[in-house]
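The values are calculated or read from the model by the stated rules, or taken from the named source; none is laboratory data. Here the structure is a predicted model, which is why all the values come from computation and not from measurement. Here the Cβ positions follow ideal geometry from the backbone for every residue, glycine too, while neighbour counts run over all protein chains shown. Heavy atoms of the whole protein, side chains included, go into the accessibility calculation; ligands, DNA and RNA do not. Shrake-Rupley method; radii C 1.70, N 1.55, O 1.52, S 1.80 Å.
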4 protein chains.
Amino acid sequence: MEELARDYHSPDVTDREIAIFELGIKLAALFHLVFGAPIKNDEETKKSIAEGIKASIECQPFVKSVKVEITDLKEGMSHHYTKSNEYDYTYVSGKNLQAEVEIVYRNWKAVGRVQWMSDLNYPMMFIKSITQL
Amino acid sequence: MEELARDYHSPDVTDREIAIFELGIKLAALFHLVFGAPIKNDEETKKSIAEGIKASIECQPFVKSVKVEITDLKEGMSHHYTKSNEYDYTYVSGKNLQAEVEIVYRNWKAVGRVQWMSDLNYPMMFIKSITQL
Amino acid sequence: MEELARDYHSPDVTDREIAIFELGIKLAALFHLVFGAPIKNDEETKKSIAEGIKASIECQPFVKSVKVEITDLKEGMSHHYTKSNEYDYTYVSGKNLQAEVEIVYRNWKAVGRVQWMSDLNYPMMFIKSITQL
Amino acid sequence: MEELARDYHSPDVTDREIAIFELGIKLAALFHLVFGAPIKNDEETKKSIAEGIKASIECQPFVKSVKVEITDLKEGMSHHYTKSNEYDYTYVSGKNLQAEVEIVYRNWKAVGRVQWMSDLNYPMMFIKSITQL
């Protein structure tokens with residue numbers, strides 16, 4: 001079936017490039033699937049949500065492994081997101097989500113990350129490495 | 001802060017009705033947040049995803065408890081969603097998601113469910129019980 | 001089919017309460033479906049996205065009408081979200097989304113809103129009115 | 001700022017590969033953002049939703065153009081998704097969504113699509129072309 005799937009791509013693209021394309025797909029799928037999930041600054045809550053999205057993305061084609069970490073988020077002095085009252089929680093966003101995905105497509109391994117870059121004010125997705133197996 | 005929030009509602013509505021309103025909000029939030037998450041027919045994967053969404057929804061206002069179950073899904077003889085090949089998986093949908101949410105708002109407890117109803121071909125959300133504490 | 005759906009609810013609940021329950025469902029569905037959509041501070045872009053989510057939610061049961069407005073969002077002096085560079089945009093969130101939904105269930109009309117409340121630091125969903133037709 | 005962003009990638013990757021990576025990101029973002037949106041088989045509804053997601057994805061970095069089409073979906077004789085009753089509608093999924101995205105990163109143009117492939121039972125994302133400008 002991988003052979004079949006290969007046929008849909010332009011013949012101009014290499015296996016290495018398909019590995020990189022699949023990496024982009026998975027980082028964006030991970031980000032947009034978990035983005036907006038309610039969350040509080042509590043270790044067990046953050047761990048459960050991180051493990052749920054990891055298990056989900058690991059179902060997708062060519063995914064070898066996924067790491068997800070949700071970091072604490074504070075905005076100013078007044079928001080601790082610790083459920084000190086019913087409305088005191090936040091959500092998973094580019095600012096508190098860090099993830100790494102490893103793709104293997106044929107004999108290429110592509111590793112990429114999404115993480116918040118303060119200088120860009122942006123949750124940057126980037127290719128960390130691409131290596132031949 | 002609950003007092004403050006109460007003021008936004010029409011004065012016509014009762015606490016019992018607000019409990020029911022909050023129940024509707026949480027069932028829909030749960031459904032739409034996890035809908036579309038990739039999934040395969042493997043117990044550990046389904047459990048991780050179910051626990052992640054449970055942990056997330058339990059952060060929301062007035063949520064007392066959440067139960068989530070993801071059931072197996074087969075369509076025809078050829079689709080088993082067991083990762084027999086890279087493309088053989090499915091996603092969380094109205095057909096394989098069952099959840100129950102318990103809300104406590106002031107002295108009212110509202111319990112509701114979402115589950116697939118074959119007669120309606122629809123993932124029905126409904127109020128299971130509303131009781132005074 | 002509405003008759004059939006009625007049977008799933010606890011016999012304790014009234015038609016008025018089901019209208020309120022359905023209102024909660026729709027406000028949360030709307031919010032979570034459009035939350036996280038990329039957006040820039042440009043009238044046409046915001047209007048297209050608002051109309052898309054309106055058209056979608058109007059497909060759901062008992063929805064009579066939907067109004068959606070996406071307001072401008074600025075954070076500090078340096079972020080204008082006007083695509084002054086490739087990374088200068090933001091996303092639909094509780095802070096820039098306002099919506100109103102009108103439900104008719106049998107002879108009850110329920111109207112509710114979601115809008116940002118600075119005092120709660122929260123996108124509050126509330127019942128604006130409930131009236132008998 | 002594009003210069004700054006370039007620095008996050010492994011020095012091993014070329015501009016052509018970054019264009020392909022960005023293409024993967026955008027196809028997946030588009031797919032996961034609109035997936036699950038309620039929809040009925042009505043031209044105006046489908047057009048509004050398609051235009052909303054197009055406007056949203058066009059805000060993202062390096063996106064030159066986006067085309068989105070939502071096709072009709074029927075399952076068996078009894079489901080027409082025309083709102084013949086309150087529950088008779090469906091949602092945007094891999095089966096009824098077709099989209100094409102064009103990325104320009106520096107002097108490379110990458111075009112890709114997502115569309116349903118019956119032979120794979122899968123909404124395939126693929127690279128249609130990659131050309132130097």
Checklist entry - Is it possible to state the helix-based mean residue ellipticity at 222 nm for the protein assembly as shown, with each DSSP H run of 4+ residues giving -39500 (n - 2.57), the sum divided by total residues, to the nearest 500 deg cm²/dmol? What is it? => result -9500 deg cm²/dmol
Checklist entry - Roughly how many whole Å is it from the C-alpha centroid of the range C:24-88 to that of the range A:77-133? => result 23 Å
Checklist entry - Measuring label to label, 7 Å along Cα→Cβ, what does D:Leu133 give against each other copy in nm, shortest first? => result 3.5, 5.3, 6.0
Checklist entry - How many square angstrom of accessible surface are buried between D and A, both sides summed, with a 1.4 Å probe and rounding to 100? => result 3000 Å²
Checklist entry - Using a ≥ b ≥ c from the Cα gyration tensor of the range D:37-127 (square roots of the eigenvalues), is it rounded, prolate or oblate, where a/c under 1.5 gives rounded and otherwise the larger of a/b and b/c decides, a/b for prolate? => result oblate
Next on the checklist: Can you give me the % of accessible surface on the range A:1-110 that is carbon or sulfur? Probe 1.4 Å, all protein chains present, nothing else counted.
Outcome noted: 47 percent
Checklist entry - When ligands, DNA and RNA are left out and all protein chains stay put, how many square angstrom of accessible area per residue does the range C:52-133 have with a 1.4 Å probe? => result 42 Å²
Item to check | Averaged over C:5-13, number of beta-carbon atoms from partner chains that fall within 10 Å | outcome: 6
Item to check | Counted charge near C:His9, where neighbours are those whose Cβ lies closer than 9 Å (Asp, Glu -1; Lys, Arg +1) | outcome: -1
Checklist entry - Dipole of the protein assembly as shown, Cα-centred, from +1 at each Lys and Arg C-beta and -1 at each Asp and Glu C-beta, to the nearest 20 debye? => result 0 debye
Next on the checklist: With θ taken as phi - 60° and the coefficients 6.51, -1.76 and 1.60, list the Karplus ³J(HN,Hα) couplings across the range D:117-133 in order, rounded to whole Hz; mark glycine and proline as x.
Outcome noted: 10, 4, 5, 9, 6, 8, x, 6, 9, 8, 8, 7, 7, 9, 9, 8, 8
Next on the checklist: To check you understand DSSP bridge types, tell me what percent of the beta bridges within chain A (both residues inside) are antiparallel, rounded to 5.
Outcome noted: 100 percent
Next on the checklist: List, by residue number, every residue in the range A:97-133 with a reduction of 40 Å² or greater in accessible area between the chain on its own and the complete protein assembly, 1.4 Å probe.
Outcome noted: A:Asp119, A:Leu120, A:Asn121, A:Tyr122, A:Met124, A:Met125, A:Phe126, A:Ile127
Checklist entry - What is the spin-label model distance, in nm, from A:Asp12 to C:Asn107 if the labels are put 7 Å beyond Cα along the C-beta direction? => result 6.8 nm
Next on the checklist: What figure, in Å² to the nearest 10, do you get for the accessible area of A:Glu43 with a 1.4 Å probe and non-protein molecules left out?
Outcome noted: 130 Å²
Next on the checklist: Give me a comma-separated list of calculated 3J(HN,Hα) values for the range A:92-103, in order, Karplus coefficients 6.51, -1.76, 1.60 applied at θ = phi - 60°, integers in Hz, x for any Gly or Pro.
Outcome noted: 5, 8, x, 6, 10, 10, 10, 8, 9, 10, 10, 10
Next on the checklist: Order A:Glu51, B:Glu44 by their accessible area, 1.4 angstrom probe, all chains in place, largest first.
Outcome noted: B:Glu44, A:Glu51
Next on the checklist: Tell me whether the range C:87-133 comes out rounded, prolate or oblate; compute the Cα gyration tensor, take square roots of the eigenvalues as a ≥ b ≥ c, and use a/c under 1.5 as the rounded threshold.
Outcome noted: oblate
Checklist entry - When only the heavy atoms of the protein chains count and the probe is 1.4 Å, how do D:Tyr91, D:Tyr105 rank by accessible area, highest first? => result D:Tyr91, D:Tyr105
Checklist entry - With axes computed from alpha carbons, what is the tilt in degrees of helix C:43-57 against the longest principal axis of chain C, rounded to the nearest 10 within 0 to 90? => result 20 degrees
Checklist entry - What's the average, rounded to a whole number, of partner chain beta-carbon atoms within 10 Å of each residue's beta-carbon in C:44-53? => result 6
Item to check | D:Ile103 accessible area, 1.4 Å probe, all protein chains in place, Å² to nearest 10 | outcome: 0 Å²
Item to check | Angle in degrees between helix B:15-34 and the longest Cα principal axis of chain B, rounded to the nearest 10 | outcome: 20 degrees
Checklist entry - What residues in the range B:14-31 lose 20 Å² or more of accessible surface when the other protein chains are added to their chain alone (1.4 Å probe)? => result B:Arg16, B:Glu17, B:Ile20, B:Phe21, B:Gly24, B:Ile25, B:Ala28, B:Ala29
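Report, in debye and to the nearest 20, how large the dipole of chain C comes out about its Cα centre when Lys and Arg carry +1 and Asp and Glu carry -1 on their Cβ.
Magnitude of the dipole: close to 180 debye.
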Checklist entry - In terms of solvent-accessible area of protein heavy atoms at a 1.4 angstrom probe, what is the ranking of A:Ser65, A:Ser56, D:Ser118, highest value first? => result D:Ser118, A:Ser65, A:Ser56
Checklist outcome for this item: GNM of chain B, Cα pairs under 10 angstrom: of B:Asn85, B:Asn96, B:Asn41, the biggest fluctuation goes to B:Asn85
Checklist entry - In the full protein assembly as shown, how much of A:Lys40 is accessible to a 1.4 Å probe, in Å² to the nearest 10? => result 50 Å²
Checklist entry - In terms of the Cα gyration tensor, with a ≥ b ≥ c the square roots of its eigenvalues, is the protein assembly as shown rounded because a/c is under 1.5, prolate because a/b exceeds b/c, or oblate? => result prolate
